[in-house]
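One structure is given below, encoded as structure tokens.
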Amino acid sequence: MKNLFITATDTDAGKTFVTCALAQALKSAGKKVATYKPISAGCQQTVEGLINEDAELLCRFANAKQTIKEINPIAFVDSIAPHIAAKQTNQEISLADINHYFASVVSLSADINLTEGAGGWRLPLSIEKKTFLSDFAVTTKQQVILVVNMKLGCLNHALLTYEAIKADGLSCVGWVANQASVSTMANLTQNITSLEQLLPMPKLAVLTFDDTKQTLSAKIISAAKKINIEPLIS
Ligand SMILES: Nc1ncnc2c1ncn2[C@@H]1O[C@H](COP(=O)(O)OP(=O)(O)OP(=O)(O)O)[C@@H](O)[C@H]1O
Ligand SMILES: [Mg+2]
């Protein structure tokens, strides 16, 4: 069993897009894939409780028979920093809870557990306890995949994130160059080459922004075909 944690240079960088594409690619290689998104902020209130779009998509692409609630146990209505959303609703995000819910994911015995982070690497859980989502990755010994949103400033964000992951004692097993918005970065190729020279882990994919009229699921399935999953399964 492998535990992969998908982080990114920032929010909206393409973590969900890439996590679902990874799930699709791994399923195509015959793997059983479970997904986990411990915290979400930005949800719809439904009769079944708070439902987050990312969790719905992760549920669609996993094949370990999970419910949305199992995939995303901690959810907040407002799309704001989760620890602030928690405070506004008199709650506190607990690292122990996040680890506990992950144990249920592990109990499904999938080949690969894909966890989508929230925001970037050092996302605060509780200011009082000085806990961060990165503490979950550390305590559960995740292997990390870094999604780099290719835009001006991303080299700095990618390198700082990589350094923080390394300083936390975890191994970063791959990175994905993703273009999460329609505007193409100037000198995209040179920027990707620079990152290849500066980051020691393998580049798993270059995903351009898919602005076709396909559904999001179809775009993810197309993106999955461009991912080299070899370093993750060998
Ligand atoms: N390569 C791509 N082609 C087309 N659309 C993309 C691509 N990458 C990301 N997107 C779209 O960009 C938006 C942001 O991506 P996504 O939701 O995956 O980011 P995220 O890092 O998961 O954000 P959050 O921090 O909110 O969880 C989404 O609408 C997603 O479908
Ligand atoms: Mg997301």
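In table form, for the structure just shown:
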quantity: Residues located in the stretch 25-53, provided they are of a type outside the set (D, E, K, R), farther than 16 Å from residue 231 by Cα, away from ligand 2 (no atom under 16 Å from the Cβ) and surrounded by fewer than 21 Cβ atoms within 10 Å (Cβ to Cβ); calculated: 45, 46, 47, 49
quantity: Candidate set: the stretch 3-23, residues that are among the polar types (S, T, N, Q) and buried (at least 22 other Cβ atoms within 10 Å of the Cβ); chosen: the one farthest from residue 116 (Cα to Cα); calculated: 9
quantity: Cβ pairs under 6 Å, 6+ apart, first in the stretch 174-188 and within 12 Å of ligand 1 (Cβ to nearest atom), second among the aliphatic types (A, V, I, L, M) and assigned to a loop (DSSP other than H, G, I, E, B); calculated: 177/150; 179/150; 180/13
quantity: One residue from 51, 84, 98, 74 being under 29 Å from residue 182 (Cα atoms) and not polar (S, T, N, Q); calculated: 51
quantity: Any chance residue 23 is of a type in the set (A, V, I, L, M, F, W, C), more than 8 Å from ligand 1 (Cβ to nearest atom), over 15 Å from the mean Cα position of the chain (by Cα) and under 15 Å from residue 221 (Cα atoms); calculated: no
quantity: Verdict on residue 56 being within 16 Å of ligand 2 (Cβ to nearest atom) and either at pLDDT below 95 or part of a helix (DSSP H, G or I) (or both); calculated: yes
quantity: The listed residue being within 13 Å of ligand 1 (Cβ to nearest atom) and charged (D, E, K, R), out of 65, 37; calculated: 37
quantity: Pair list, Cβ < 9 Å and 6+ apart or interchain, from the stretch 1-16 residues that are touching a residue at least 60 places away in the same chain (Cβ under 8 Å) to residues that are more than 6 Å from ligand 1 (Cβ to nearest atom) and among the acidic types (Asp, Glu); calculated: 1/111; 2/111; 5/116; 6/116; 7/116; 15/116; 16/53; 16/116
quantity: The listed residue being touching a residue at least 40 places away in the same chain (Cβ under 8 Å) and within 14 Å of residue 18 (Cβ to Cβ), out of 195, 216, 199, 155; calculated: 216
quantity: Those residues of the stretch 32-51 which are in a strand (DSSP E or B) and either without any contact (Cβ under 8 Å) to a residue 12 or more places away in the chain or under 17 Å from the mean Cα position of the chain (by Cα) (or both), in sequence order; calculated: 33, 34, 35, 36, 39, 40, 41, 44, 46
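Table: residues versus (1) without any contact (Cβ under 8 Å) to a residue 60 or more places away in the chain; (2) under 21 Å from residue 33 (Cβ atoms); (3) of a type in the set (Gly, Ala, Ser).
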position: 79; (1), (2), (3): yes, no, yes
position: 83; (1), (2), (3): yes, no, no
position: 88; (1), (2), (3): yes, no, no
position: 97; (1), (2), (3): yes, no, no
position: 119; (1), (2), (3): no, no, yes
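The values are calculated or read from the model by the stated rules, or taken from the named source; none is laboratory data. Treat the numbers as computed from the prediction; the structure is a model and nothing was measured. Reconstructed Cβ throughout: ideal geometry from the backbone, glycine too, with neighbour counts over all protein chains shown.
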